[in-house]
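Peer 1: Encoded as structure tokens, here's the structure I'll be asking about.
Every number in this text was worked out from the coordinates using simple rules, so none of it is lab data. Since the model is a prediction, treat every value here as computed from it, not as a measurement. Reconstructed Cβ throughout: ideal geometry from the backbone, glycine too, with neighbour counts over all protein chains shown.
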Amino acid sequence: MAPRKTTTVELETTLAELRSRHSALNERKAEAQSAFEQAKADQERFYLEADINDHGTITRLESALGAATLRLSSLSEACAAVAAQIADAEQRIAAEAEREKREAAAKEISATADALQEGLESVLRELRSLGESLVPIEHLSLETFNFGHFLRKTAGEIEAASGITPPLLRGVARAVERGEAKIPSRPA
């Protein structure tokens, strides 16, 4: 399998950058909120205390309030957009971490299946060899005959198990990796 371009480390770096940007934007938004409130208060004070026929001051105050409103609105939208990007990055990190856990669990299950297959094949070879060595002397006693029969029966059961259990484990590994099965927990 080819290495993935998007790693958890890269995603966490992106997330840290987004959080830093969000923090800076929030600071500027707080400043913009303060400037907006000041511009609004200045305009209200002018209407209550100053010459309402001073169109130059009215225009200047309206421009200041409009600019403060626009800046606050723009920064609020930017903060919301970056917050959405942060949520998306957090979700991607969680998904990548889950994928890595699933991949590791699948590899472990596959390795167990391979080891089991090898172990069963080894035991099967030894049992068959031992059983073959008893064939020439089975007729000498009932116990020898029964032991040879037991070895052949056990070898047959091991052969059946080796055809079922390792492939079943490999199927579980694939299902875990694809997210179709839970990651098995270890016994306590």
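Peer 1: Would you kindly calculate the translational diffusion coefficient of the chain, applying Stokes-Einstein with the Kirkwood radius from alpha carbon pairs, for 20 °C and a viscosity of 1.002 mPa s, and quote it in µm² s⁻¹ without decimals?
Peer 2: In µm²/s, the coefficient rounds to 89.
Peer 1: What does the helix-only formula give at 222 nm for the chain: each DSSP H stretch with n ≥ 4 adding -39500 (n - 2.57), the total divided by the residues, and the result rounded to the nearest 500 deg cm²/dmol?
Peer 2: When only DSSP H runs of four or more count, the value is -32000 deg cm²/dmol.
Peer 1: Sum up the charges of everything whose Cβ sits under 11 Å from the Cβ of residue 169, counting Lys and Arg as +1 and Asp and Glu as -1, but leave residue 169 out.
Peer 2: 0
Peer 1: Continuing with the same structure: Exposure proxy check: 70, 61 ranked by fewest other beta carbons within 10 Å?
Peer 2: Ascending number of Cβ neighbours within 10 Å: 70, 61.
Peer 1: For the range 1-107, what is one quarter of the convex hull surface built on the Cα atoms, given in nm²?
Peer 2: 8.4 nm²
Peer 1: Sticking with this structure for a sec: Which distance in nm do the two modelled labels at residue 41 and residue 13 give, with both placed 7 Å along the Cα-to-Cβ direction?
Peer 2: Roughly 4.5 nm, to one decimal.
Peer 1: Take every Cα-Cα pair in the range 70-177 and report what % of them are more than 20 Å apart.
Peer 2: Of all Cα-Cα pairs in the range 70-177, 64 percent lie more than 20 Å apart.
Peer 1: Follow-up question, since we're still on this one. Take residue 168, project a point 7 Å from its Cα along the Cβ direction, then tell me which residues of the range 92-109 have their backbone nitrogen under 18 Å from it.
Peer 2: 109, by backbone N distance to the label point.
Peer 1: What is the Cα centroid distance between the range 28-45 and the range 82-122, reported in whole angstrom?
Peer 2: First find each Cα centre; the distance between them is then 52 Å.
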